[in-house]
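A.B. asks: To start, I am sharing the structure in question, which I have written as structure tokens.
Readers should treat all values here as calculations from the given coordinates under stated rules, not as data from a laboratory. For clarity, every value in this text was computed on a predicted model and none was experimentally measured. Cβ sites come from the backbone with ideal geometry, for glycine too, and all protein chains shown count toward neighbours.
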Amino acid sequence: MKIYTAQQIYDADKFTIKKQQITSAMLMERAATELFNWIHERLQGAPVLIHIFCGIGNNGGDGLVLARHLQDHGYHLKVYIVDYSKNRSEDFLINLERLKERKVWPTVIEKGSTLPEIGNEDIVVEAIFGLGLSRPPADWVLQLFDYLNTSKAFKVSVDIPSGLYTDRVTPEQQAVEADFVLTFQAPKLIFFLPGTGKYIGNWAALDIGLDQEFLAGRETTYDFVVQSELRPLYREREKFTHKGTYGHSLIIGGSYGKIGAVHLSARACLHSGSGLVTAYVPSCGYIPLQTAIPEIMLLTDPAEQQIEKLEFELEPSVIGMGIGMGTSEATAEAFSAFLKRNKIPLVLDADALNLLSADKELLGDIPPGSVLTPHPGELKRLIGSWEDDFDKLEKAHAFSKKYDCILVIKGSHTFTIYGEKGYINSTGNPGMATGGSGDVLTGVITALIAQGYEPLQATVLGVFLHGRAGDIAASEWGYEALSATLIIEKMGQAFRSLVSEPGKTGESKGGK
């Protein structure tokens, strides 16, 4: 699902109006009708009081059309005009008159107005500012936002929560905290960024009939990755194959006290379809891993407690490395020497990333198309600190282009960055913020590359499956009890879901 910029949506509006020979007011009617249909389907005429706060632009016009449809269907509502400017859009004025024709007289809220009483069981729909906000709202409007946010009513925002910018950081306490956002046509990038996603509980994208040919022809920087789009990438196993068909993964890592990281990564690799899995660990890891995972093969470093040589004759399909490896001087030297002679595709995590950060000249030695999977701290050491979410993404893209690598930015919505393009994951949950979850992801991506998926495909699909397995596990165990081992155990169900379950393309959990 493409993530369009505000300008692209404006352009699609204009193109649709011209091609379909409709007016902008007719397009507004269509959009607000979808708002009404979504709300009516869920309320079914329930006797709840609905407060609709409308701005004086086109977002407010959407709110007025919604109010008219709710009135026509017998809902109990109160409508307010947030009079933050004397300039009104033409379509706002058209729909204000249509609402008044039904004897609905909105209350004007301006500076100094007494704010309406909102009950705990009421519903608030706010359509104050849309995508075009370019400057901070007036202080009295911010006080209104704060009043709405402190109410216990269920809050629905139209298109985006009012107060948010779409292309830059939004100051704290400048936006409505929406329980649900009904957005038009497609989600917006700000839904998935930590600094702005926190204002969005859940969202649904409503198809308002913008021209599909026009939208399909627009290049976008980001895609929101949903199951229906990944299904064609999935390679089902054929009957006349063998273990060699599905590649040989080598997992390198571990040190005294951190052999468990390799255990998790190797098990995840097995459960994600790698035909063969070998682990390379310090000698102290031989007995624990050989006992715990009899399906894998073991290579051991001459050193007992850490990796110091990193030499082997094996020629695997792909190498996943860094988990639990440590960053001692001897390990760093072995890692540096390995990178200079290695030509095999790499999935780098944890201490491999820390070693790269400590000596960034080594970044020039990683093979093109390698996958790096840093957590936030590791990412900062790699690309440098950032001012905000937008700056972080800009630096991540620059880093990816400079070193020709795939960068996984782990988070509530994990981003996969490669060059100019970014892919936003739609699976996962807060329970996955647990030790070992990242080790599992390394194993999953490694296994997919071993099976012949291109590294970018393997990464996008691996992140999705990892999150889906976490969602399945959380549905049984809850967030607090979720563990990396449980994620591994649900990988089979995650793979099966690509075949057996339709993907959701219109709703997602937000960042709250």
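A.B. asks: At q = 0.09, 0.19, 0.22, 0.23 Å⁻¹, what is the log10 ratio I(q)/I(0) for the range 1-118, with the Debye formula run over Cα points and no solvent?
C.D. replies: One equal scatterer on each Cα of the range 1-118 leads to -0.28, -1.08, -1.28, -1.33.
A.B. asks: What are the radius of gyration and Dmax of the range 230-499, computed over its Cα atoms and given in Å?
C.D. replies: 17.2, 54
A.B. asks: May I ask you to derive the FRET efficiency for Val48 and Ala138 from their Cβ-Cβ distance with R0 = 35 Å, giving the value to the nearest 0.05?
C.D. replies: The pair Val48/Ala138 has a calculated efficiency of 0.70.
A.B. asks: Report, in degrees rounded to the nearest 10, the 0 to 90 angle that the Cα long axis of helix 24-43 makes with the longest principal axis of the chain.
C.D. replies: 70
A.B. asks: Just to be sure I understand the model, the point goes 7 Å from the Cα along the line to the Cβ. What's the resulting Gln7 to Glu41 distance in nm?
C.D. replies: Result for the modelled spin labels: 3.4 nm.
A.B. asks: Continuing with the same structure: Mind grabbing the base-10 log of I(q)/I(0) for the range 250-370 at q = 0.14, 0.15, 0.22 Å⁻¹? Debye formula, identical points on the C-alpha positions, no solvent, two decimal places.
C.D. replies: Reported log10 I(q)/I(0), two decimals: -0.51, -0.59, -1.31.
A.B. asks: Provide the FRET efficiency to the nearest 0.05 for the Ser336-Leu456 pair, computing r from the beta carbons and using R0 = 30 Å. Mind dumping the intermediate values first?
C.D. replies: On the way: r = 27 Å, r/R0 = 0.89.
Between Ser336 and Leu456 the formula returns 0.70.
A.B. asks: Could you tell me, in Å, what Rg and Dmax come out for the Cα atoms of the range 22-78?
C.D. replies: Over the range 22-78's Cα set, Rg and Dmax evaluate to 11.3, 35 Å.
A.B. asks: Once fully extended, how much extra length lies between Tyr479 and Asn87, figured as 0.36 nm per residue of separation less the alpha-carbon to alpha-carbon distance?
C.D. replies: Values: separation 392, 0.36 × 392 = 141.12 nm, distance 4.85 nm.
Net length gain for the segment: 136.3 nm.
A.B. asks: Cα-Cα over 25 Å: which of Lys2/Lys239; Lys343/Lys395; Lys155/Lys410; Lys14/Lys103; Lys188/Lys421?
C.D. replies: Working: Lys2/Lys239 36 Å; Lys343/Lys395 27 Å; Lys155/Lys410 29 Å; Lys14/Lys103 32 Å; Lys188/Lys421 16 Å.
Beyond 25 Å between Cα atoms: Lys2/Lys239; Lys343/Lys395; Lys155/Lys410; Lys14/Lys103.
A.B. asks: Taking the Cα atoms of the chain alone, what are Rg (to one decimal) and Dmax (as a whole number) in Å?
C.D. replies: Just the Cα atoms of the chain yield Rg and Dmax of 26.3, 86 Å.
A.B. asks: Continuing with the same structure: Between the DSSP loop rule and a limit of at most 12 other Cβ atoms within 10 Å, which trypsin sites (Lys or Arg not before Pro) in the range 219-281 are left? Display every interim value, and only then the final one.
C.D. replies: Values: sites: Arg235, Arg237, Lys239, Lys243, Lys258, Arg267; in loops: Arg235, Arg237, Lys239, Lys258.
The qualifying sites are Arg237, Lys239.
A.B. asks: What is the diffusion coefficient of the range 179-253 in µm²/s, taking the Kirkwood radius over Cα pairs and the Stokes-Einstein relation at 10 °C with a viscosity of 1.306 mPa s? Numbers along the way, then the final one.
C.D. replies: Numbers: Rh = 16.7 Å.
D, rounded to a whole number, is 95 µm²/s.
A.B. asks: Mind putting together the pair-distance distribution for the range 150-279? All Cα pairs, 10 Å bins, whole percent per bin, short to long.
C.D. replies: 10, 24, 19, 19, 22, 5, 0
A.B. asks: Kirkwood Rh over Cα pairs of the range 368-493 into Stokes-Einstein at 10 °C, 1.306 mPa s: D in µm²/s? Display every interim value, and only then the final one.
C.D. replies: Values: Rh = 14.7 Å.
This corresponds to a translational diffusion coefficient of 108 µm²/s.
A.B. asks: Counting other C-beta atoms within 10 Å, which of Val125, Val141 has the fewest, and how do the rest follow? Write down the numbers at each step before the final one.
C.D. replies: Working: Val125 26, Val141 22.
Arranged by neighbour count, lowest to highest, Val125, Val141 become Val141, Val125.
A.B. asks: Per the Cauchy relation, a quarter of the hull surface: what is the mean projected area of the convex hull of the alpha carbons in the range 411-482, in nm²?
C.D. replies: On the way: hull surface 18.9 nm².
Projected over every direction and averaged, the Cα hull of the range 411-482 covers 4.7 nm².
A.B. asks: Let me ask something additional. What length, rounded to one decimal in nm, is gained on full extension from Lys100 through to Thr291, with 0.36 nm per residue of separation minus their alpha-carbon distance? Working shown, then result.
C.D. replies: Working: separation 191, 0.36 × 191 = 68.76 nm, distance 7.69 nm.
Full extension from Lys100 to Thr291 adds 61.1 nm.
A.B. asks: Another question, if that's okay. Which peptide among 212-224, 74-86 comes first, and what is the full order, when sorted by highest mean count of other Cβ atoms within 10 Å? Don't skip to the answer; put the middle values down first.
C.D. replies: Values: 212-224: 14.2, 74-86: 16.9.
Per-residue mean Cβ counts within 10 Å order the peptides as 74-86, 212-224.
A.B. asks: Figure the gain on full extension for Lys18 and Val108 (residue separation times 0.36 nm, minus the Cα-Cα span) and round it to one decimal in nm. Write out the running numbers ahead of the final one.
C.D. replies: Values: separation 90, 0.36 × 90 = 32.40 nm, distance 3.41 nm.
Net length gain for the segment: 29.0 nm.
A.B. asks: Grab the eigenvalues of the alpha-carbon gyration tensor for the range 81-221, scale each by 5, take roots, and send me the semi-axes largest first in whole angstrom. Write out the running numbers ahead of the final one.
C.D. replies: Numbers: eigenvalues 129, 83, 48 Å².
Calculated on Cα positions only, the semi-axes equal 25, 20, 15 Å.
A.B. asks: Would you mind pulling out the separation of the Cα centroids of the range 359-387 and the range 441-486, in Å?
C.D. replies: If you average the Cα positions of each part, the centres end up 21 Å apart.
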